[in-house]
Structure formats: structure tokens, C-alpha cells
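Asks: Take this structure first; my questions come after.
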Amino acid sequence: MTARLDTEVLVVGAGPTGLLLGAELALAGVRTCVVERRATRQRDSRALNLHPRSLELMDQRGLADRFLALGRTVPGWQLAATVRTPLDFSALTTRHPYALLLAQSRTEALLEERAKELGAVIRRGHTVTALRQDADGVEADLVGPQGPTLVRARFAAGCDGAHSIVRSAAGIAFPGTPESFTAMVGDFAVADHAHIDRARRNGVLIARLEPGLTRFVVMDPERMRVPSGEPVTLEEFRAALTRVCGTDCGIARPGWLSRFGNATRLAEHYRHRRLFLAGDAAHIHFPVGAQGLNTGLQDAMNLGWKLAAELRGWAAPGLLDTYHAERHPVGRAVTDRTLAQTLLVELPLTDRYRRGATVLCELLDTLLGLPEVNRRLAGELSALDTAYPPTDPTAHPCVGRPVPDTPLVMTRDGRRTRIHRLLHEGRFVLLHLTEHGPTDLSAFALRHQAISVTAATTEGDDPTVKDLTEILIRPDGHIAWATHTTSPDRLHSERTQALRTWIRT
């Protein structure tokens with residue numbers, strides 16, 4: 001007998017992207033079911049870090065301390081293994097000017113904990129075998145430990161990786177470039193750290209995951225054309241390290257060995273009617289710069305509140321279409337950028353291009369020594385500079401950008417806080433930034449349950465919010481509208497127009 005499950009949103013895939021999306025929907029009170037074909041959480045960790053913008057997103061939900069307690073911060077990140085000068089995250093304007101080294105398995109555990117706390121249902125060991133959509137919703141056929149289940153939902157989101165069944169069901173093309181070379185990754189309980197600097201100088205990526213476990217990533221010219229599906233052996237890994245850097249670094253007791261390739265693809269569309277794509281279902285690339293997991297988390301934050309708005313009836317017309325409009329260009333930029341970064345890894349290993357590639361990497365080292373160049377590339381890779389184009393060409397320059405975590409003094413009681421703490425509930429925040437809040441805001445708050453209304457003054461001299469009168473902040477922390485206007489009538493008019501862009505008032 002086929003069981004039946006009714007929910008509002010079906011999320012396929014319980015990786016970091018799917019779990020965060022499930023948590024965001026549950027935060028908004030949306031009935032959400034996350035299904036995952038694996039019976040248990042993934043123990044191996046392809047991704048190792050959270051970049052500054054991802055940490056800001058966690059902070060906006062009051063979760064940053066949970067992640068920071070389990071990881072280790074580093075002040076920068078490499079553009080590519082062959083470029084020695086790191087991108088300096090410590091120079092970026094953020095409360096989190098660092099990358100957090102944290103195994104993907106721990107990130108998933110924390111996000112699953114969060115999703116369950118908020119009431120999301122997570123079903124592991126369930127495989128989606130078919131998916132259909134009609135004018136009113138989506139139906140999915142699942143096979144799980146207790147047999148078949150038919151799920152009926154209003155929407156479905158594919159967070160199910162490069163071979164996404166949701167993308168296939170939606171008929172969305174996944175064009176790009178096929179795999180042309182591979183690298184090997186291994187996590188080892190034993191390693192001779194006396195040789196690590198030597199290995200790094202020869203392009204081997206090395207990270208200490210936790211006490212007693214070290215990750216090595218190596219590209220061996222003699223093995224770089226081996227298909228990613230071929231298993232890696234300890235003997236192969238040792239031989240590759242020896243060829244590349246003259247020592248096998250004493251590696252032993254591998255916990256995980258794998259091979260990964262440089263296939264790069266971007267979905268043509270992130271939405272087809274009631275089906276959406278996020279994370280690796282929407283974009284894949286070589287993991288240079290460690291941007292994959294982080295881009296997926298940012299997809300989830302963008303999509304979650306928009307689906308909730310549609311389901312709760314307060315979405316402005318066309319709001320769901322802005323998911324593709326905003327995130328597809330980001331996916332395009334990331335996949336294009338990683339194609340260029342990947343060449344910096346591949347070409348020095350190829351006889352024909354070795355000398356020219358070496359000179360190019362030396363040039364990039366010099367350029368990254370210039371603070372303005374380093375800041376530009378660090379802002380892009382960290383996603384702190386990700387801005388969504390405003391719909392109004394006359395909008396304030398800060399519109400579309402992430403809101404800074406500016407310290408505030410609350411007008412009503414003098415309490416001190418900061419902007420990101422105002423976003424913990426996942427609602428829009430209308431922030432009035434003068435010493436005396438206008439009298440119309442209290443009545444306004446009662447009429448618009450999707451918005452939290454706050455009056456405060458800023459501390460410090462942040463140029464983004466300096467001299468602003470009001471600012472409307474989206475649930476994902478991007479600025480929806482801002483104004484310098486002080487005239488009450490004009491302020492009311494501008495605010496009303498801005499709200500109509502996002503919210504069915």
C-alpha cells in the first residue's frame with residue numbers, strides 16, 4: 001500500500017543547501033519535508049569551509065556562534081593553489097573577516113539540528129523515483145524503508161546535486177563543459193607535518209580538519225586524466241605526492257580517498273513553474289576557491305523567504321521570478337570565475353603551457369600584493385560584494401547590497417544591538433534611523449505582519465547607512481530600499497512604493 005504525505009514544500013536533498021532551505025521555510029511557518037536518499041548523514045566532507053558572507057547569513061539567524069564553536073578561523077583564502085599570495089579576508093568590512101574551517105559533515109549536522117528545531121520533517125533513506133507538477137502543485141513518488149510514499153506539495157526544490165532528478169523532471173538543460181582532468185583528495189589520520197611546507201610550495205593543498213586528521217589535495221600530471229569515477233588507492237596517492245613534491249609526507253590510515261573533476265555546468269533556468277533548483281543541482285564547478293557549498297547556502301537564503309511569501313499570500317506579483325533573476329547571474333559569475341581559476345591549476349601541469357602559466361601566476365602574486373586588487377577579488381570570492389540589481393534605476397546606491405551589521409541604539413529604550421540581530425525572525429525589517437521615530441510606524445507594523453518595524457540610531461560611521469532616514473531590509477539581509485528623505489509625506493510615499501515592489505499590501 002502506498003502511504004500519502006501532504007506538505008507545502010518538498011525539498012529533495014539533505015545536504016547543506018537543502019537543510020538550510022528547509023530551516024528557512026520552517027522558520028516562516030511553512031510545512032516542509034526534506035527527503036534524502038542516503039539513510040544516514042554523509043560522514044565524508046568534500047567542502048571544508050564557510051566564507052564570510054555565509055557566516056553573515058548564519059549570524060542573521062542567530063546561528064553563527066554554533067558554527068564558530070566547532071571550527072577554526074583563518075584570515076584568508078587562496079585564489080588557486082599555484083598563486084601563493086592569499087586573498088585577505090581580514091581587510092573586508094564585516095563582523096566575520098575570515099573563513100571558517102569546518103567539515104561539511106559538521107555543517108550539515110548543525111543545519112539539520114536547526115531545521116528540526118523549527119519543525120521541518122527530514123526523511124532519510126527515501127529516494128524520489130518520479131516527479132510531476134500541475135496547476136495546483138507537485139506530486140512525487142518516493143521509495144523508503146517502509147515502502148512507497150506519494151507526496152503532494154505546493155512547490156518542490158531540487159537540492160539534490162549534479163544528477164538532480166528535480167532538474168530532470170523540470171526539463172531544465174544543464175549546459176557547460178565536461179570533465180577534462182581530475183585531482184585526488186584524501187583525509188589521513190597519520191601525516192609527517194615536517195614536510196607540509198615543502199608540499200604546499202609544490203601546489204599541494206593541505207588543511208588540518210581536526211586533531212589527528214589532515215586533508216591533502218594533489219594534482220599529479222601523470223594521473224590528472226584518470227576519470228573521476230575510478231577509485232583512489234593509498235599507494236596511488238603516495239606515489240602522486242612523491243612525484244609532485246618529492247615526499248609522500250608520511251601519510252597513512254586514510255579515512256577517505258576520492259577523485260574529483262573539473263566539469264562545469266550551469267542550469268539554464270533555476271525555476272520551471274513549481275519546481276526550483278538550488279546548490280549543485282543548479283551549478284557545478286571545480287572546487288577551486290571553495291565556493292560551491294557557500295553559493296548553495298546563499299541560493300537557499302534567497303529562495304526560502306520568497307516561497308514562504310508566496311504560500312502565505314503576501315508576495316508581490318512576480319516575486320518568485322526574482323529567484324532566477326537574482327541567483328542565476330551569481331551562478332554564472334561563479335562558474336565563469338572558477339573556469340579561469342582552474343586554468344591556473346591545470347596549465348602549470350601541462351608541458352606546453354608550463355612556463356607561460358608560471359609567469360602568469362607570478363604576475364597574479366604581484367597584483368594580489370596591491371590592497372585594492374586583493375580587496376576586489378576577496379570581496380567577490382567571499383560573496384560579500386554580491387549585489388542584486390535594483391528594479392528602480394534611481395534607487396539609492398546601497399540597494400541590492402548586503403546590509404552592514406551596524407551597531408544600533410534603540411530609540412524607545414536605549415538598548416544597544418546591531419542590525420543582523422534584527423533579522424533573526426526571517427522577516428523584512430523596516431528600520432527608521434532618526435532620533436525620533438515617526439508616529440505612523442506603530443500602526444504600520446500592525447497592518448504588515450511580514451515586517452518588523454524598528455526605530456534606532458546608528459553608532460559609528462558606517463558609510464553605507466550614514467545619513468539614511470529609513471532602510472528596508474529583506475529577510476535574506478539584502479537592502480530592498482533606502483532613503484535620505486526627511487519630509488513625512490514624501491517618506492510615506494517612497495516607503496509605500498518600495499513595499500509594493502516586494503509585498504502584497
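Since every read-out is calculated from the coordinates, none of them should be taken as a lab result. This one's a predicted model, so the numbers in the text were calculated from it and none came from an experiment. Because the Cβ atoms are built from the backbone with ideal geometry, glycine has one as well, and the counts that use them run over all protein chains shown.
Asks: Run the dipole for segment 235-356 about the Cα centre, Lys and Arg Cβ at +1, Asp and Glu Cβ at -1, nothing else charged, and hand back the magnitude in debye, nearest 20.
Replies: Result for segment 235-356 is approximately 40 debye, rounded to the nearest 20.
Asks: Could you calculate the FRET efficiency of Arg201 with Asp336 from 1/(1 + (r/R0)^6), where r is the beta carbon distance between them and R0 is 35 Å, rounded to 0.05?
Replies: 0.75
Asks: Tell me the label-point distance for the pair Phe260, Ala316, using the 7 Å Cα-to-Cβ offset, in nm and rounded to one decimal.
Replies: Taking the simple label geometry, Phe260 and Ala316 are separated by 3.8 nm.
Asks: Stretch Arg84-Gln497 to full length: gain in nm at 0.36 nm per residue minus the Cα-Cα span?
Replies: Full extension from Arg84 to Gln497 adds 143.8 nm.
Asks: Rounded, prolate or oblate: which fits segment 407-502 when a ≥ b ≥ c are the square roots of the eigenvalues of the alpha-carbon gyration tensor, with rounded for a/c under 1.5 and prolate only if a/b beats b/c?
Replies: Rounded, since a/c falls under 1.5.
Asks: Which value at 222 nm does the chain reach when only helices count, each DSSP H run of 4 or more adding -39,500 (n - 2.57), with the total divided by all residues and rounded to the nearest 500 deg cm²/dmol?
Replies: -10000 deg cm²/dmol
Asks: Obtain the nm distance between the two label points defined at Thr40 and Ala239 by a simple spin-label model: each point lies 7 Å from its Cα along the Cα-to-C-beta direction.
Replies: Distance between label points: 3.2 nm.
Asks: If I require 18 Å or longer along the helix axis, counting alpha carbons, and a Kyte-Doolittle average no lower than -1.0, what helices from the chain are left? Use full DSSP H segments.
Replies: Length and hydropathy pass: 292-312, 321-346, 354-368.
Asks: Follow-up question, since we're still on this one. Among Gly255, Pro97, Leu266, which residue has its Cα furthest toward the positive end of the charge dipole of the chain, with +1 on Lys/Arg Cβ and -1 on Asp/Glu Cβ?
Replies: Gly255
Asks: A further question follows. With charges only on Cβ, +1 for K and R and -1 for D and E, what is the dipole size of the chain about its Cα centre, in debye, rounded to 20?
Replies: Result for the chain is approximately 660 debye, rounded to the nearest 20.
Asks: I would also like to ask the following. Out of all DSSP beta bridges in the chain, what portion is antiparallel? Express it as a percent rounded to 5.
Replies: 70
Asks: If you bin every alpha carbon distance in the chain into 20 Å steps from zero, what whole percent lands in each bin?
Replies: 22, 53, 23, 2
Asks: Per-residue counts of other Cβ atoms within 10 Å, averaged by peptide: what ranking do you get for 85-96, 385-396, highest first?
Replies: 85-96, 385-396
Asks: Which one, Pro287, Thr350, Ala162, is farthest towards the positive end of the dipole of the chain when Lys and Arg carry +1 and Asp and Glu -1 on their Cβ?
Replies: Ala162
Asks: Then there's this: Counting alpha carbon pairs within less than 8 Å and at least 6 residues apart, what relative contact order, in whole percent, applies to the chain?
Replies: Computed value for the chain: 16 percent relative contact order.
Asks: For a quick protection proxy, order the peptides 13-21, 273-281 by their average other-Cβ count within 10 Å, most packed first.
Replies: The packing order, highest mean first, is 13-21, 273-281.
Asks: Right, next: With charges only on Cβ, +1 for K and R and -1 for D and E, what is the dipole size of segment 182-261 about its Cα centre, in debye, rounded to 20?
Replies: It works out to roughly 180 debye.
Asks: Something else: Would you kindly derive the ³J(HN,Hα) couplings of segment 455-463 from the backbone phi angles with the Karplus curve 6.51 cos²θ - 1.76 cosθ + 1.60 (θ = phi - 60°), listing them in order in whole Hz, with x for Gly and Pro?
Replies: So the Karplus estimates, Gly and Pro as x, are 10, 7, 10, 8, 9, x, 9, 5, x Hz.
Asks: A further question on this structure: Percent relative contact order of segment 407-502, based on C-alpha pairs within less than 8 angstrom and at least six residues apart?
Replies: 28
Asks: Give the residue from Leu364, Val30, Ile196 lying farthest towards the positive end of the charge dipole for the chain; charges sit on Cβ (+1 for Lys and Arg, -1 for Asp and Glu) and the dipole is referred to the Cα centre.
Replies: It is Val30.
Asks: I've got another one for you. Ordered by packing density, taken as the mean number of other Cβ atoms within 10 Å over each peptide's residues, highest first, how do 418-425, 371-378 rank?
Replies: The most tightly packed comes first, giving 418-425, 371-378.
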